[in-house]
Amino acid sequence: MTMKFRAWAVLILAVAFALSPLASDGFNGFTKDQFPVVLDHWPAQPAGWAFSIWGVIYLWLIAGLAYGALRRAEDPDWQAARPALALSLAVGVPWIAVANARPILATVMIIVMAGGAITALLRSGRKDRIWQAGPIGLYAGWLTAASAVAMAVTLSGYGLLSGMASALLLLALALIVALSVQAQRPEIASYPIAVGWALIGIIAANADATYWPVALLAAVGLVALVWRFFRGRRQAA
């Protein structure tokens, strides 16, 4: 497989991924009727408006990958990230349709998507940060949070854990992963921005005093991401 082919293939996958919501009713989170255990509220799931970040993710990925295909198709600095990103996007193309029908399969798929995106981010080059690592970071950051949310909702939706317990467990796991990734690539601001946006959505969704532990953990995680970001900036200076 030539370098040019890889560059154009991952761009085509990004376009298909961005167009995939048009083939369905879109996705703003799982719904109660998809699970045998009906909960009034899933504390792990961000407020609906938080999903608007997908518009930015789609546009930035397409713009960045188009730049890569047109200007950096054979640049070695761009090569390492492309296979993992292609895998993530290929799984992502049918994801919304699957999520609206089969939440367990969708949960497995989004874990694969997140793993591919994070791998692509860690392998991304140091050049053209706005076009290469920037969009991948935003995509990987949101998927870090989204995969944890999907797991928490599925666990509680099938009665394996309570809504509160699953939210706390998976949110803690997401924060561990996020901080670890951030520590490895502290110069990529888009990754913690996306995770932080998800955390803000979770805080907003749990304004009710009943779910204050989830909102508190999300707030602590947000502070930790900000602290780690500025610490990385100071170390790089």
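Quick notes
- For the range 1-124, the carbon plus sulfur part of the accessible surface works out to 67%, probe radius 1.4 Å.
- Length-normalised contact order for the range 108-162 - Cα pairs under 8 Å, 6+ apart - percent: 38 percent
- Pairs of Cα atoms farther than 22 Å apart, the range 8-139, %: 38 percent
- Length-normalised contact order for the range 78-120 - Cα pairs under 8 Å, 6+ apart - percent: 57 percent
- Here each label is just a point 7 Å from Cα along the line to Cβ, and for residue 97 and residue 180 those points are 3.4 nm apart.
- Ordered by 1.4 Å accessible area with all protein chains kept, 214, 98 run largest first as 98, 214.
- Calculated P(r) of the chain - Cα pairs past 22 Å, %: 51 percent
- Couplings for the range 191-197, taken from phi via the Karplus curve 6.51 cos²θ - 1.76 cosθ + 1.60 with θ = phi - 60°, read 5, x, 4, 5, 4, x, 4 Hz in order; Gly and Pro are left as x.
- Extension gain, residue 59 back to residue 231 (0.36 nm per residue minus Cα-Cα distance, nm): 59.0 nm
- Loop trypsin sites (Lys or Arg not before Pro), the range 88-186, which have at most 14 other Cβ atoms in a 10 Å radius of their Cβ (DSSP): 126, 127
- The chymotrypsin sites (Phe, Trp or Tyr not before Pro) of the range 139-237 that meet both conditions, a loop assignment by DSSP and at most 16 other Cβ atoms within 10 Å of the site Cβ, are 158.
- MRE, 222 nm, helices only [DSSP H, n ≥ 4, -39500 (n - 2.57), over the chain, to nearest 500]: -23000 deg cm²/dmol
- Charge dipole of the chain (Cα centre as origin; +1 on each Lys and Arg Cβ, -1 on each Asp and Glu Cβ, all else neutral): 860 debye, rounded to the nearest 20.
- Whole-angstrom gap from the range 5-61 to the range 132-187, using each part's C-alpha centre: 15 Å
- Using C-alpha pairs under 8 Å with a sequence gap of at least 6, the mean separation divided by the residue count of the range 159-228 gives a relative contact order of 38 percent.
- Accessible area (Å², per residue) of the range 72-134, counting only protein heavy atoms and a probe of 1.4 Å: 42 Å²
The values are calculated or read from the model by the stated rules, or taken from the named source; none is laboratory data. Please read all numbers here as calculations on a predicted model, not as lab measurements. For neighbour counting, all protein chains shown are included, and Cβ atoms are generated from backbone atoms with ideal geometry for every residue, glycine included. Note: areas computed on protein heavy atoms with side chains; ligands, DNA, RNA excluded. Shrake-Rupley method; radii C 1.70, N 1.55, O 1.52, S 1.80 Å.
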